[in-house]
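For reference, the structure is listed below as structure tokens.
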Amino acid sequence: MILKYKKKTAILSEIRHIIENSLSVVIANFKKINVNNMTKLRRDARVNNIDIRVVRNTITSIAFQNTQYECLKKFLIGPILIAFSKKNPGSAARLLKNFEKENLDFKVLAGVFQNQFFSQKNLDELAYLPTHEEAIAKFLNLIKEISFLRLYRTLRLIQNKKKQFF
């Protein structure tokens, strides 16, 4: 289907708006995935506050220009699905990695978070970043385990080290 210029620019501005509001982006090849599985993936994405888009590669390439996601342009070959994490940076990678385990034809290609590129091999690092709630829970457990006096001393040491460097 041929898109008119106005439609293409509207899609481009929508994708750029999504890029500005996302924490991380993950790209996957969805070749040979049936409609039922894609519907399930989209439903799971909505629940996890992830925006999934299938956009023409040239429009996506233009949208990625001059952003931290520009390094993903080389992966825009074939049928590409783009997942944008809105709240938790690892949620899109986690969702797509779990979907990849269930569907052997689905391939997660790469991701970016805070100008750091994650290839297919090390995407698990991004996928299993702790959520905000998990990080707070770990910190609270740490506080329970150590005494408050020891925590106070540790925080004072950190403060003194910062004063030395700045």
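The values are calculated or read from the model by the stated rules, or taken from the named source; none is laboratory data. Here the structure is a predicted model, which means the values were calculated and not measured. Every residue, glycine as well, gets a Cβ built from its backbone with ideal geometry; the counts of neighbours run over all protein chains shown. For the accessible areas, the whole protein counts, side chains as well, though only heavy atoms, and no ligand, DNA or RNA atoms are used. Shrake-Rupley method; radii C 1.70, N 1.55, O 1.52, S 1.80 Å.
List of remarks:
- For the range 1-42, alpha-carbon Rg and Dmax in angstrom: 13.8, 32
- Between helix 132-145 and the chain: long-axis angle, C-alpha atoms, 0 to 90°, nearest 10: 20 degrees
- Compactness of the range 1-95 is given as radius of gyration and Dmax, 13.1, 36 Å, from Cα positions.
- Taken over the range 15-166, the convex hull of the Cα atoms encloses 147 Å³ per residue.
- Translational diffusion coefficient (Stokes-Einstein; Kirkwood radius from C-alpha pairs) of the range 34-74 at 25 °C, 0.890 mPa s, in µm²/s: 207 µm²/s
- Lysines with Cα under 27 Å of Lys144, excluding same-chain neighbours fewer than 8 positions away: Lys161, Lys162
- Set Lys97/Lys121; Lys40/Lys121; Lys74/Lys121; Lys31/Lys101; Lys40/Lys74 screened for pairs whose C-alpha atoms are more than 18 Å apart: Lys40/Lys121; Lys40/Lys74
- Using alpha-carbon coordinates, inclination of helix 91-102 to the longest axis of the chain, degrees: 60 degrees
- In degrees, nearest ten, helix 35-47 long axis to first principal axis of the chain (Cα): 40 degrees
- The chain: relative contact order in percent, alpha carbon pairs under 8 Å with at least 6 residues between: 27 percent
- Of the accessible area of the chain, computed with a 1.4 Å probe over protein heavy atoms only, carbon and sulfur atoms account for 56 percent.
- Label-to-label distance, Thr131 versus Glu100, with points set 7 angstrom from Cα along the beta-carbon direction: 2.1 nm.
- Positive-pole candidate from Ile158, Gly111, Ser91, dipole of the range 78-166, charges at beta carbon: Ile158
- Residue-normalised accessible area of the chain, given per residue in Å² at a 1.4 Å probe: 67 Å²
- Where labels lie 7 Å past Cα in the beta-carbon direction, separation of Arg150 and Ile77 in nm: 5.3 nm
- Peptides 60-66, 150-156, ordered by how many other C-beta atoms sit within 10 Å of their residues on average, highest first, read 60-66, 150-156.
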